[in-house]
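What follows is a short report on a single structure.
The values are calculated or read from the model by the stated rules, or taken from the named source; none is laboratory data. This is a predicted model, so every value here is computed, not measured. Glycine gets a Cβ as well: all are built from the backbone with ideal geometry, and neighbour counts include every protein chain shown. Surface areas here come from the heavy atoms of the whole protein model, side chains and all, with no ligands, DNA or RNA. Shrake-Rupley method; radii C 1.70, N 1.55, O 1.52, S 1.80 Å.
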Amino acid sequence: MWCFFVSGPRKDLMAEQEEDRHLKLAGDLDCIPEPLPTLRHSTSHVMAQAVKQLFPEVRVAIGPAIEDGFYYDFRRATPFTPEDLARVEARMRELVKADLPFVREEWARAEAIRHFKEQDEPFKVEILEGLDVPAVSVYRQGDFLDLCRGPHVRSTRGIKAFKLLSSSGAYWRGDERNPMLQRIYGTAWLTQEDLDTYLWRLEEAKKRDHRKLGRELDLFDFHDVAPGAPFWLPNGMILVRELEKFAREHLDARGYQEISTPLLIHKRLWEESGHWEHYSEHMFKVEVEEEIFTLKPMNCPPSTFVYRRALRSYRDLPLRFSEMGRCHRNERSGTLTGLVRVRQFTQDDAHIYCRPDQLQAEIVGILDLVREWYKTFNLQPTFKLSTRPEKKLGAEAQWDAAEHALAEALKVTGLAYDLNPGDGAFYGPKIDIYVEDVLGRSWQIATVQVDLVMLPERFKLEYIDRDGQPKRPVAIHRAIFGSYERFIGILTEHFAGAFPTWLAPVQARVLPVSEKHLEYARVVFARLREARIRAELDDRNEKLGYRIREAQVRKVPYMLVVGEREAQNGTASVRRRTGEDAGAIPVERIVSDLAAEIGSRSATLTVGRSA
RNA sequence: GCCGGGGUAGCUCAGAGGCAGAGCAACUGAUUCGUAAUCAGUAGGUCGCGGGUUCAACUCCCGCCCCCGGCUCCA
């Protein structure tokens, strides 16, 4: 997987693993033998029981516990409607009340196959036929029996706090060539409080949806003439620009050199890199005078031209080329989602070319950046080291050195990390960085990939070493925001649109109490403008309360109310968007406090708090 | 791409084979207001796009586009 910096949220991982376990029945159990997964697993059985009772024509597939809940897949001619779900849930509550014990039985495999054939449950038969074991276990509660390795709660009575959430199509065994089944998702918790908290979180996530906030705050727009590509509105463009400025300041200070490579690239380059063979279906192609060009889907091959332009000495290394690289990937239409899954995006990309002995120090430098940057946004990063996969290129010794460099870099930086053996790219090991947002959702944004072979070998990159001999440099691909689009989507949800002042499209809004105070309001407004503070003057003919509400809804960090008293004293009454009234403060102090808060990129509102 | 649900005013949404609707926003006027919505009036539409059925289509049928929830994909 080359240069693939943008990938989906981690929430799906667990579902996949659960599904795998069910299908392969490779472990000893069907869910983690802890109270919550067990409870959810049992709840899915009860759901299947209820569905079978209400809709006997339905055939059952599988039903694992997943993060935050469970699902069960059914074959049914028509999808489940919300009314169906309500009936199923009501029946489940009856089954819970009935206090049916979960009973485990051991059956011979052949016996199980015969039973499920009799029951006309083809999916169960298919699972059983794929098993290479003499005996299997089944679980029974009341009139429902399912192939399952458990564990389960003692009785349906153990299920208390649950709710069915949605239904949708899902392929049998997750393969799109297989028939589409109907999946019902639900959630289950140990206590009603936990369930309520979870449901609140879902509601909160809806309110924070960046697509909704993007519209409400005039950040960006989408149009059907450009699916998967945002139109940045003035407010949203401020976010882009502030992030770019932030990145450039840090990169300049760390010896990165910014470059920019063409968007439109002849297919020849991708043939050379190998992408044409494996990736061309994702590339947008453009015919120019009978030649095929592509919109670049990644920046790495183009960036090698910058390296190759000159004969490099060991003394030149490391070379750190950063690029705000605009990429296009032809993602399947059904996968596009707001800013977090797009066809056009801008990576905060960089390719570092270094000597093998410099690798560790470079990784340390990148990890420092990651830590520093995410701290600014109050995002908690976690690190995952992925090591050599089975199918790989490059010598063992190179891999040893690279994996060692990554692990040591993590240790030197004092970072805890998880190991993900075998999950590296075929051309080198990598560190993926996940962030958890304020709602506890996990996203993979940053990635640091060591490239031992891809760019260096394919493009025959060289430097002249101390001994006068040409050597291959090591390349590092890295992105920290991942892409500006996705990062802004995540930030929007993380902050619920209430961006720190340095990012806020409008940092302060001046509100004259009435027309009589407009003249002074203009003075205050001009002063803020002069100090390069993004200010607005709300001189509309509306009551103060109306304009306060409006500013509040727009999440403007500071409202500066000016009336008779303020005009006389050269002050403004500061109201924070948190609702706090900071009282009347001299305008000059507001300006200097604001400048300090913006300059330090503080995540908290500090104006009026200084001594 | 697949399954399902949608697309009606800038936004949120109602309507439904026979004159296109509401609230908010916008605009105009009145009001001159002290910390989350002042009052009145005016204007606003290719009912996603294209075809078909019909005396008549926003409404029914067919095709397409886009969005939403999932699935799949994310060498």
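Okay, here's what the table says:
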read-out	value
Flag for A:Leu243 being open to solvent by less than 20 Å² (accessible area, probe 1.4 Å), over 30 Å from A:Met47 (Cβ atoms) and among the aliphatic types (A, V, I, L, M)	yes
Region A:560-578, residues that are touching a residue at least 40 places away in the same chain (Cβ under 8 Å) and either near RNA strand B (Cβ under 6 Å from one of its atoms) or among the hydroxyl-bearing types (Ser, Thr, Tyr) (or both)	A:Val561, A:Gly563, A:Glu564, A:Glu566
Residue in region A:268-275 that is touching a strand residue (DSSP E or B) at 6+ places or on another chain (Cβ under 7 Å), open to solvent by less than 80 Å² (accessible area, probe 1.4 Å) and over 24 Å from A:Val340 (Cβ atoms) present	yes
Given (1) open to solvent by 10 Å² or more (accessible area, probe 1.4 Å); (2) of a type outside the set (Phe, Trp, Tyr); (3) over 30 Å from A:Trp502 (Cα atoms); (4) not in a helix (DSSP H, G or I), index of the condition A:Pro297 fails	(1)
Pair list, Cβ < 7 Å and 6+ apart or interchain, from region A:357-368 residues that are of a type in the set (D, E, K, R) to residues that are open to solvent by less than 50 Å² (accessible area, probe 1.4 Å)	A:Glu362/A:Pro318; A:Glu362/A:Ile352; A:Glu362/A:Cys354; A:Glu362/A:Ile476; A:Asp368/A:Thr413
Any strands (runs of 3 or more DSSP E) falling wholly within region A:410-495 and containing at least 1 residues that are touching a residue at least 60 places away in the same chain (Cβ under 8 Å) and in contact with a Ser or Thr (Cβ under 8 Å, 6 or more places away or on another chain)	A:430-436, A:442-451, A:474-483
Of the criteria (1) touching a strand residue (DSSP E or B) at 6+ places or on another chain (Cβ under 9 Å); (2) among the hydroxyl-bearing types (Ser, Thr, Tyr); (3) in a helix (DSSP H, G or I), which one A:Ser592 fails	(1)
Residues (open to solvent by 20 Å² or more (accessible area, probe 1.4 Å) and within 28 Å of A:Arg215 (Cα to Cα)) located in region A:562-598	A:Arg575, A:Arg577, A:Thr578, A:Gly579, A:Glu580, A:Ile598
Subset tally (residues that are open to solvent by 20 Å² or more (accessible area, probe 1.4 Å) and touching a strand residue (DSSP E or B) at 6+ places or on another chain (Cβ under 7 Å)) for region A:332-351	3
Subset of region A:180-198 (residues that are within 16 Å of RNA strand B (Cβ to nearest atom) and exposed (fewer than 15 other Cβ atoms within 10 Å of the Cβ))	A:Met180
Inter-residue pairs, beta-carbon under 6 Å, first over 14 Å from A:Ala135 (Cα atoms) and in region A:100-124, second open to solvent by less than 50 Å² (accessible area, probe 1.4 Å) and in a loop (DSSP other than H, G, I, E, B), 6+ apart	A:Leu100/A:Gly142; A:Phe102/A:His152; A:Phe123/A:Ala61
A:Glu272 touching a residue at least 12 places away in the same chain (Cβ under 8 Å), charged (D, E, K, R) and assigned by TED's automatic domain parsing to the domain that holds A:Ala361	no
Residue that is more than 9 Å from RNA strand B (Cβ to nearest atom) and at positive phi, where the choices are A:Gly158, A:Gly150	A:Gly150
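Conditions (1) within 9 Å of RNA strand B (Cβ to nearest atom); (2) modelled with pLDDT of 95 or more; (3) of a type outside the set (D, E, K, R); (4) open to solvent by 10 Å² or more (accessible area, probe 1.4 Å), marked per residue:
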{"position": "A:Asp465", "(1), (2), (3), (4)": "no, yes, no, yes"}
{"position": "A:Ile490", "(1), (2), (3), (4)": "no, no, yes, no"}
{"position": "A:Gly497", "(1), (2), (3), (4)": "no, yes, yes, no"}
{"position": "A:Ser514", "(1), (2), (3), (4)": "yes, no, yes, yes"}
{"position": "A:Val524", "(1), (2), (3), (4)": "no, yes, yes, no"}
{"position": "A:Leu528", "(1), (2), (3), (4)": "no, yes, yes, no"}
{"position": "A:Ala535", "(1), (2), (3), (4)": "no, yes, yes, no"}
{"position": "A:Pro557", "(1), (2), (3), (4)": "no, yes, yes, no"}
